[in-house]
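The values are calculated or read from the model by the stated rules, or taken from the named source; none is laboratory data. Here the structure is a predicted model, which means the values were calculated and not measured. Cβ coordinates were reconstructed from backbone atoms using ideal geometry, including for glycine residues, and neighbour counts include every protein chain displayed. To get the accessible areas, we keep the full protein, side chains included, count just its heavy atoms, and leave off ligands, DNA and RNA. Shrake-Rupley method; radii C 1.70, N 1.55, O 1.52, S 1.80 Å.
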Amino acid sequence: MPELAPYAVNDSSSRGRVVAEPRPKARSEFQRDRDRIIHSTAFRRLEYKTQVFVNHEGDLFRTRLTHSIEVAQIARSIARALRLNDDLTEAIALAHDLGHTPFGHAGQDALNDCMQAHGGFEHNLQSLRIVDRLEERYGAFDGLNLMFETREGILKHCSPARARELGELGLRFLDGRRPSLEAQICNLADEIAYNNHDVDDGLRSGLLTLEQIGEMSLFARHAAEADAEFPHISGRRRVHETIRRMIDAQVTDLLAESARRIATAAPQALADVHAAPALIAFTDAMKAENRALKGFLRDHLYQHYQVLRMTAKARRIISELFDAFVSDPRLLPPQYQEMAATESVTRATADYIAGMTDRYSTKEHRRLFSVGEL
Ligand code: MG
């Protein structure tokens, strides 16, 4: 493996863990973080949480788990090509969606509405809350006690008010510094992953048509390339040949532009990365194509009436669960009643609901509202 760049995060330049621990014997500190994330309960729950399509709608659509694995794959490749810490990159990517509610963004919006007067709900902050606090696996501490840079990478955005509560971790949001390049990579790898897999899932579901997506230059250009190389293929095989070219073009573009920016800024150490403007980036041309694709997906897939029906149902389930627990906290499982006593009923309820999978929340809703259901 090539040596890490001098501005990459490494074990010795890290700000370390909140609770000091002996160094791992046969792994780096960031490999240990990745391993802790994979073994967490929140990570396993991602298998049954919606990305766009609810889990029971089909066996082949992405879930939060397969999405996170695809983000990790793309992010690792980029990190390695730029001689950055790919273990840290993988850890951040695998953890980036741990705090997602059931039913994707509809669930998060509903829970955020419920929590409006109680500090709000944001899946990004919830991911951090899970790894810092909610996982119960270790005798010596709550949460996973991850390295500072892993936690920093998980916390993508944050309001100034929240940042002030987060101490050292929130500082960069107050003084305008950038996170590590490894964290910046995860952000854009997330975008590459969902833009492409949502096109794939959208076409597979039949909610998007090839005619519609053909209006997108990114898709049309790579479909034409696939047709030129393999004139005899059609259907799913042609879609995959197109999408893999789209991913490759986006990654290649990002690598070239980021290498150019790194060469110009010439960081000598991690501190220079924090002070520099964003160094991991697409070219303006690719950024524009990505923005167009994102807008297309919003208009034709995320706002498709069949997706909106699911969204409406999800909002109802989440807000009814929230109201039921907050109006009578005795209905909460004992561990959340304890949490309610030390924090607040609303925060404990948000933690409980956010941790639910799609099907668990649906079942819990039936248990609370359907007569005859146990
Ligand atoms: Mg994501």
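Details
- Every test in (1) of a type outside the set (Ser, Thr, Tyr); (2) modelled with pLDDT under 95; (3) touching a helix residue (DSSP H, G or I) at 6+ places or on another chain (Cβ under 9 Å) is passed by Gly99 save one, and that test is (2).
- The combined condition, being assigned to a helix (DSSP H, G or I) and farther than 15 Å from Leu94 by Cβ, is not fulfilled by Arg76.
- Residue ID - most open to solvent (accessible area, probe 1.4 Å), chosen from residues in region 214-232 that are farther than 17 Å from Gln250 by Cα and assigned to a helix (DSSP H, G or I): Glu229
- The residue of region 271-290 that is farthest from Pro6 (Cα to Cα), among those that are open to solvent by 20 Å² or more (accessible area, probe 1.4 Å) and touching a residue at least 40 places away in the same chain (Cβ under 8 Å), is Glu289.
- For region 305-316, the condition of being surrounded by 15 or more Cβ atoms within 10 Å (Cβ to Cβ) and not in a helix (DSSP H, G or I) holds for none of the residues.
- Residue within region 20-36 that is under 23 Å from Leu321 (Cβ atoms), in contact with a Leu (Cβ under 7 Å, 6 or more places away or on another chain), modelled with pLDDT of 95 or more and not assigned by TED's automatic domain parsing to the domain that holds Ile318 present: no
- All conditions but one from (1) part of a helix (DSSP H, G or I); (2) among the β-branched types (Val, Ile, Thr); (3) in contact with a Ser or Thr (Cβ under 7 Å, 6 or more places away or on another chain) apply to Ile280; the one that does not is (1).
- Qualifying residue in region 356-369 (condition: in contact with a His (Cβ under 8 Å, 6 or more places away or on another chain) and on the phi < 0 side of the Ramachandran plot): yes
- Qualifying residue in region 347-362 (condition: of a type in the set (Phe, Trp, Tyr) and not assigned by TED's automatic domain parsing to the domain that holds Leu218): yes
- Residue pairs whose Cβ atoms lie under 6 Å apart, separated by 6 or more positions or on different chains, with the first residue in region 58-76 and away from the ligand (no atom under 11 Å from the Cβ) and open to solvent by 20 Å² or more (accessible area, probe 1.4 Å) and the second at pLDDT below 95 and aromatic (Phe, Trp, Tyr), are Phe61/Phe53.
- Number of residues in region 144-162 that are in a helix (DSSP H, G or I), at pLDDT 90 or above and out of contact with any Pro (no Cβ under 7 Å at 6 or more places or on another chain) equals 5.
- Condition met for His100 (crowded, with 21+ Cβ neighbours inside 10 Å and within 13 Å of the ligand (Cβ to nearest atom)): yes
- Here Gln116 fulfils each of the conditions (1) buried (at least 17 other Cβ atoms within 10 Å of the Cβ); (2) closer than 15 Å to Arg347 by Cβ apart from (1).
- In region 103-128, residue nearest to the ligand (Cβ to nearest atom) [restricted to those that are closer than 23 Å to Leu65 by Cβ and among the charged types (D, E, K, R)]: Glu122
- Top-ranked residue of region 183-204 - restricted to ones that are surrounded by 19 or more Cβ atoms within 10 Å (Cβ to Cβ) and more than 16 Å from the ligand (Cβ to nearest atom), ranked as farthest from the chain's Cα centre (by Cα): Leu203
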